[in-house]
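A short reminder: the numbers here are calculations on the coordinates, not readings from a lab. Not measured: the values here are computed from a predicted model. Cβ coordinates were reconstructed from backbone atoms using ideal geometry, including for glycine residues, and neighbour counts include every protein chain displayed.
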Amino acid sequence: MVAQVASLDGLEELLRTLPAATGKPIRILPIGAQGSGKSFLGARLKERLPEFEVVSPDDTRMDLYRAAHPGEKADYRKLRGFLTSGRQRAVLQSVLQRFHESPSRFVYVDQMNLTPSARAPFLMPENFNVAIVLRASLQTILDRHRQRPDKAEEIPIEAVISSVRRLQAPTEDELDLVIGYEAG
């Protein structure tokens, strides 16, 4: 199923109908490049919907850093060199576990989810799997990136542009519902 919504109110209204209509836990994968509005959207939906949990790999990475460096402030600059491949695997495992085992009615994984292979570990037949494709212009994405100094210092503009180009739109065969959303 494919839907298009033009406002946060419309998105909230659509999502509210899903638990009763499907009888399944709702698992949401926002799809968009860095700066497309995924974190912002997750925070707004959490304010509006009951039993809504946001699972964030970025927060998990920061928690891992803070656990290894008590009393130190964690930021993206400090993660460089700290995130070994083993720690990255641990972050993914933690995020997947929280995403799949959460008792919350709605669970939103705050990551880019750009390709089918990146989305696959999050898709389970016992859930109603929803993609929200955030549409934002490249200029908007770049402007937002520049407004986040900690990320902008660590993630080059070329990497942001590359993420926009790598995005592969989800299909109805891949997910139960694909929602197009204009990220304002």
Report the local net charge at SER36: Lys and Arg +1, Asp and Glu -1, summed over other residues whose C-beta lies under 9 Å from its C-beta. +3
Pairs to check: LYS24/LYS78; LYS24/LYS151; LYS46/LYS151. Give those whose C-alpha atoms are more than 28 Å from each other in this structure. LYS24/LYS78; LYS24/LYS151
Applying the Karplus parametrisation 6.51 cos²θ - 1.76 cosθ + 1.60 with θ = phi - 60° to the phi angles of the stretch 128-140, what ³J(HN,Hα) value in whole Hz is obtained for each residue in order, glycine and proline being reported as x? 9, 8, 10, 10, 10, 8, 8, 9, 8, 5, 4, 4, 4
Computed over the stretch 1-59, the Cα gyration tensor eigenvalues, each multiplied by 5 and square-rooted, give semi-axes in Å (largest first) of 19, 14, 12
Expected-Rg normalisation [2.2 N^0.38 Å, Cα atoms] applied to the stretch 26-184: 1.04
How many nm is it between the label spots at ARG98 and ASP150, if each spot is 7 Å from the Cα in line with the beta carbon? 1.5 nm
Output the 0 to 90 degree angle, nearest 10, between the alpha-carbon long axis of helix 38-48 and the longest principal axis computed from the alpha carbons of the chain. 50 degrees
Counting other Cβ atoms within 10 Å of each Cβ, which GluC sites (Glu not before Pro) in the stretch 23-114 have at most 15 and sit in a DSSP loop? GLU51, GLU72
Over what distance in Å are the Cα centres of the stretch 1-75 and the stretch 140-167 separated? 20 Å
Once the cut-off is 13 Å, how many percent of the Cα-Cα pairs in the stretch 113-170 end up in the long-distance tail? 67 percent
Once phi is turned into θ = phi - 60°, what whole-Hz ³J(HN,Hα) does the Karplus curve with 6.51, -1.76 and 1.60 give for every residue of the stretch 58-74, x standing for Gly and Pro? 4, 4, 5, 4, 5, 4, 4, 5, 4, 5, 7, 9, x, x, 8, 6, 8
If I take R0 = 25 Å and measure r between the Cβ atoms of LEU138 and LEU8 in this structure, what FRET efficiency does the formula 1/(1 + (r/R0)^6) give, to the nearest 0.05? 0.65
